[in-house]
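Everything on this sheet refers to the single structure shown next.
Read-outs throughout are calculated quantities, based only on the coordinates presented, and are distinct from any laboratory measurement. Quick caveat, the model's predicted, so the values are computed rather than measured.
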C-alpha cells in the first residue's frame with residue numbers, strides 16, 4: 001500500500017502514523033509544502049494523510065498551495081481512496097467537502113478529554129478510543145460537519161472533534177501521533193496563549209503515559225480504518 005503525506009511544516013511530521021506504516025511494510029511518500037514540493041497524481045496514493053500546521057485553510061493569499069491542496073484532497077476522496085486529516089488536515093478535509101472552517105470559541109492546546117457522540121459509541125472505528133480519553137489538542141479553528149458525514153467525537157472546548165465521510169474520509173481535530181520530540185518542537189514554535197483550555201509546555205511535553213496510550217489507540221484505529229469498509 002502507498003501512503004502519501006501532505007506536510008505543511010517540519011514540526012508536524014507523521015510521527016506515530018509513520019511508525020504504523022513502517023510496521024506494516026507500507027511504502028511512504030511526501031509532499032512537503034514548506035519545500036515547495038509538487039503534489040503527485042491523485043490516482044497514486046492508496047492512503048492520503050493530511051497533517052497539521054499553524055496556518056488557516058482560508059489563508060490562500062499567504063499560502064498559495066492551499067487551493068491546489070484542497071482540490072487534490074477532494075479528488076482523492078472522490079476516487080474512494082482512504083483519507084485521514086489530522087488537525088489542520090481535518091479542517092482541510094472538511095473544507096474540501098464544502099464545510100466552513102472558522103475560529104473556535106476557545107483555543108485548545110493540551111491534553112483534554114474527548115467524548116463519543118451516539119454515533120461514535122456505535123462506531124467500530126472508535127473502539128480503540130475510550131470515552132473521556134485524554135488526547136492532545138493544538139488548534140484555534142474548528143470545522144462544521146460536512147453534509148452526509150457522521151459526527152463521532154466532541155470535547156468541552158470544541159463540539160466537532162471528528163467525523164467520518166462516506167466510507168473513506170476520516171477527520172480528527174486532535175493528535176494521536178505526537179511523540180515527545182514532536183511536542184517539544186511544537187511548544188518551541190511560539191509562546192502559548194492564555195486560556196481555559198491551554199496547558200503549559202511542561203504539562204504538554206511530560207506526558208509519556210498519555211502519548212503511549214494515544215499511539216496504541218492510533219495503531220488500532222488505523223488498522224480498522226484501512227481494513228474495514230465502514
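Out of every Cα-Cα pair in the chain, what percent are more than 32 Å apart?
On the way: 2594 of 26335 pairs.
In whole percent, the long-distance tail amounts to 10.
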Of all DSSP beta bridges located in the chain, what percent are antiparallel, nearest 5?
50 percent
log10 I(q)/I(0) for the range 3-120, Debye formula on C-alpha points only (no solvent), q = 0.16, 0.23 Å⁻¹, two decimals, reads -0.81, -1.48
Suppose we look only past 15 Å in the calculated P(r) of the range 81-161. What percent of the Cα-Cα pairs does that tail hold?
57 percent
Given a 10 angstrom Cα cut-off, can you work out which residue in 201, 45, 64 is the most mobile in a GNM of the chain?
64
